[in-house]
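Below is one structure, written out as structure tokens; the observations come after it.
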Amino acid sequence: MNIFADFNNRISKAVEALDLKTPDGARPDTSRIGVEPPRDASHGDLATNAAMVLAKPLGMNPRALAERLAVELRRDADIATVEVAGPGFVNLRLADRFWHGLLGQVLAKGRDFGRSALGGGRKANVEYVSANPTGPMHVGHCRGAVVGDALANLMGFAGWDVTKEYYINDAGSQIDVLGRSALLRYREALGETIGEIPAGLYPGDYLKPVGQALAAEFGTRLNQMPEDEALAIVKDRTVDAMMVMIREDLAALNVHHEVFYSERTLHADNAAAIRSAVNDLTLKGFIYHGTLPPPKGQLPEDWEDREQTLFRSTDVGDDIDRPLVKSDGSYTYFAADVAYLKDKWKRGFEEMIFILGADHGGYVKRMEALARAMTDGQAKLTVLLCQLVKLFRDGEPVRMSKRSGEFVTLRDVVDEVGRDAIRFMMLYRKSDAPLDFDFAKVTEQSKDNPVFYVQYASARTHSVFRQAREQMGAVADAPRATLAAAAHLLADEGELALIRKLAEYPRLIEQAATAHEPHRLAFYLYDLASAFHAQWNRGTETPALRFVKVNEPELTHARLGLVQAVSDVIASGLAIIGADAPEEMR
């Protein structure tokens, strides 16, 4: 239950009960009423702006309206106190009985607490990573992979029907270069001395196994074919081999896509899909023949000083119209984007999210414009940019890879620090902010290492139950309903503060999913873990506050219920992030 939404409804009903009317006799519009946590926790549990937003339409003094509203809200048995503050804010402090009941709801729902129907089952496509299949995943791909995967999980938990997609850039000049590079390694595998890899080809040793596989499959036959025929075969085999490697690298990071979409399919049958998509835009009036002025600064690769086929993207929010056909008659890269977006729209996706590197900032407006034009404004398209990750070891920059000698591979990082540390820390900054990743700090067992601190809280919750079983036997295995029934015994402020923190989770899920900001979840889990550790430490210092009270089984049930609820929410949040919730730390 989202208590903020719940009390928003209660406050709206309280306003209705006051039977207020605007000067023209209408009922006030309550849609702008908001309920938030107060900035200062000492002011209460909830704060509402109801009187502030309704006073002007009603022609009333905000504070006077707040006082009337306060009288009505005091009738609610779940509200302990109501105070009017400042020019008309209303602060609410909820009764302990409300928090006890909410703990029962957490226990009843378990790891589904916080699951929302906000998305309404709308189909959403989250496309992320989509690296060129020309080599192993490097650390530059890591952040986008984690952000995209966690966001897809988060939106699914919040009620969207989400598809995780990888767009394989398997068309274009980089694939020709890849094929020629693999063909060279094939000749090497046959025993030919190839010398230094020519400039412009991919030099990595990761192509040696591809060359060996080609030699084993074809012997010397590729050397006897016309070059274009041999190259076509080699490109297919090499892209397949690269995608196997990429899937394995992503799996090591616990990233699994449901759809791998090949760009080559858009160019099949003489680019039929692209022609169809461009025709659609033509019928909508967005295609014309004209010239573009030279853009300011460095000229982009697709700019040509000639009349050409253009997408009238400035009509739908872009800065400049976009070319679709090159001077040689072939389609631009953006033309393939047009066809790809049309395909997503035909597959029924109402929301399309692209996770791109910060160097793709120029794509944002053109893609947003394209979505407006192609779907008549019906689809929502969002581009999220991920800033660079800088690697450090004890404060010193890390530049080289153990395996490739050219760049730090994603697998290098996973092998060294583990997937959980990577996934959590990649979300411990907003995606559009630079991130420093220090190998030493993310493996440190201290409060300063957020992933350790959260997983340690998970392990501690399980240790409480192990202790209870050792000291009290069957008491520790009571059903959740029994734990919930004892919740009324929780009276310590630290215990109630933990329940309040748990109560924030449903709202956090909905806000993070709506804003496309999965980093909020990482921050929340750290705060929840901190609150739990603090209560644990209070019990260490004050025996009366310990979770397990051997001579007080009912109070132990109540506290075990609180511990179980914390364990459930931590496990739920870590699952969305894509990390484990350990039962013990080794």
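Every number in this text was worked out from the coordinates using simple rules, so none of it is lab data. Bear in mind that the values here come from a model prediction, so they are computed numbers and not experimental data. Cβ placement follows ideal geometry from the backbone for every residue including glycine, while neighbour counts extend to all protein chains displayed.
In terms of the Cα gyration tensor, with a ≥ b ≥ c the square roots of its eigenvalues, is the chain rounded because a/c is under 1.5, prolate because a/b exceeds b/c, or oblate?
Working: a/c = 2.90, a/b = 1.51, b/c = 1.93.
Cα axes put the chain in the oblate bin.
Return the sequence-ordered ³J(HN,Hα) values of the stretch 343-360 in whole Hz as given by the Karplus equation 6.51 cos²θ - 1.76 cosθ + 1.60 applied to θ = phi - 60°, using x for Gly and Pro.
So the J values, rounded to whole Hz, are 4, 4, 5, 5, 7, x, 7, 8, 10, 10, 10, 10, 9, 10, x, 4, 6, 9.
Which percent, to the nearest 5, of DSSP beta bridges fully inside the chain are antiparallel? Mind showing how you got there, number by number?
Details: 21 of 45 bridges.
Around 45 percent of the beta bridges assigned by DSSP in the chain are antiparallel ones.
Amide H to amide H, which residues 5 or more places from Asp438 or on other chains are under 5 Å from it, using H placed in the peptide plane?
Correct list: Phe392.
Going by the alpha-carbon gyration tensor, a ≥ b ≥ c the square roots of its eigenvalues, is the stretch 120-191 rounded (a/c under 1.5) or, if a/c is not under 1.5, prolate (a/b greater than b/c) versus oblate?
prolate
When the chain is fully extended, how far beyond the present Cα-Cα distance does Arg306 get from Ala5, taking 0.36 nm per residue of separation? Present the calculation step by step, with values, prior to reporting the outcome.
Values: separation 301, 0.36 × 301 = 108.36 nm, distance 5.69 nm.
My answer for the length gained is 102.7 nm.
By how many degrees, 0 to 90 and rounded to 10, does the Cα axis of helix 227-252 deviate from the longest principal axis of the chain?
Rounded to the nearest ten degrees, it is 20.
If you average the alpha carbon positions of the stretch 476-531 and of the stretch 112-131, how far apart do those two centres end up, in angstrom?
Here the answer is 22 Å between Cα centres.
Based on the Cβ-Cβ distance of Glu396 and Lys430, what FRET efficiency does E = 1/(1 + (r/R0)^6) give at R0 = 25 Å, to the nearest 0.05?
Numbers: r = 25 Å, r/R0 = 1.02.
Efficiency, rounded to the nearest 0.05: 0.50.
Considering only Leu178, Met225, Gly195, whose Cα is most displaced toward the positive end of the charge dipole of the stretch 173-242, charges sitting on Cβ of Lys, Arg (+1) and Asp, Glu (-1)?
Gly195
Whole angstrom only: what separates the Cα centroid of the stretch 60-109 from the Cα centroid of the stretch 224-265?
Rounded to whole Å, the Cα centres lie 59 Å apart.
Given the DSSP H assignment, sum -39500 (n - 2.57) over each helix run of at least 4 residues in the chain and divide by its residue total; what's the result at 222 nm in deg cm²/dmol, nearest 500?
On the way: 20 runs with 289 residues, N = 586.
Computed mean residue ellipticity for the chain: -16000 deg cm²/dmol.
For Ala358 and Ile320, what is the calculated FRET efficiency with R₀ set at 22 Å and r taken between the beta-carbons, to the nearest 0.05? Show your work: numbers first, answer last.
Working: r = 21 Å, r/R0 = 0.94.
Calculated value: 0.60.
Helix 505-515 sits at what angle to the longest principal axis of the chain, using alpha carbons and giving 0 to 90 degrees rounded to 10?
Relative to the chain, helix 505-515 is tipped by roughly 40 degrees.
Provide the packing ranking of 25-36, 192-203, 423-434, i.e. peptides ordered by the mean count of other C-beta atoms within 10 Å per residue, highest first. Present the calculation step by step, with values, prior to reporting the outcome.
Details: 25-36: 13.8, 192-203: 11.4, 423-434: 19.9.
Sorting 25-36, 192-203, 423-434 by mean packing, highest first, produces 423-434, 25-36, 192-203.
Let me understand the stretch 199-294 better: what is its radius of gyration from the alpha carbons, and its Dmax, in angstrom?
19.7, 54
Using 0.36 nm per residue of separation minus the Cα-Cα distance, give me the extension gain between Asp343 and Ala497 in nm, one decimal. Mind showing how you got there, number by number?
Working: separation 154, 0.36 × 154 = 55.44 nm, distance 4.91 nm.
50.5 nm is the gain from fully extending Asp343 to Ala497.
Quick one: angle between helix 363-375 and the longest Cα principal axis of the chain, in degrees between 0 and 90, rounded to 10, please.
Approximately 80 degrees, to the nearest 10.
Taking the Cα centre of the chain as the origin and placing charges on Cβ (Lys, Arg +1; Asp, Glu -1), which of Ala534, Val259, Ile33 is farthest toward the positive end of the dipole?
About the Cα centre, the residue reaching furthest to the positive side is Ile33.
Read phi for every residue in the stretch 118-128 and hand back ³J(HN,Hα) as whole Hz from Karplus 6.51 cos²θ - 1.76 cosθ + 1.60, θ = phi - 60°, with x for Gly and Pro.
So the Karplus estimates, Gly and Pro as x, are 3, x, x, x, 5, 7, 10, 10, 10, 9, 8 Hz.
Work out from phi, with θ = phi - 60° and the Karplus expression 6.51 cos²θ - 1.76 cosθ + 1.60, the ³J(HN,Hα) of each residue of the stretch 23-40, listed in order in whole Hz, and give x for Gly and Pro.
Each residue's phi maps through the Karplus curve to give x, 8, x, 8, 6, x, 7, 9, 5, 8, 5, x, 10, 9, x, x, 4, 10 Hz.
How high is the relative contact order of the stretch 450-577, in percent, with contacts defined as C-alpha pairs under 8 Å that are six or more residues apart? Please report the intermediate quantities before stating the final value.
Values: 119 pairs, mean separation 53.2, N = 128.
It comes to 42 percent, rounded to a whole number.
Please identify every one of the trypsin sites (Lys or Arg not before Pro) in the stretch 107-199 that sits in a loop by DSSP and has no more than 16 other beta carbons within 10 Å of its own beta carbon. Walk me through the numbers on the way to the answer.
Numbers: sites: Lys109, Arg111, Arg115, Arg122, Lys123, Arg143, Lys164, Arg180, Arg185, Arg187; in loops: Arg115, Arg122.
Answer in residue order: Arg115, Arg122.
Looking at the square roots a ≥ b ≥ c of the eigenvalues of the Cα gyration tensor of the stretch 450-577, which shape do they give, rounded for a/c under 1.5, prolate if a/b is larger than b/c, or oblate? Don't skip to the answer; put the middle values down first.
Details: a/c = 1.99, a/b = 1.86, b/c = 1.07.
Judged from the Cα gyration tensor, the stretch 450-577 comes out prolate (a/c at least 1.5, a/b above b/c).
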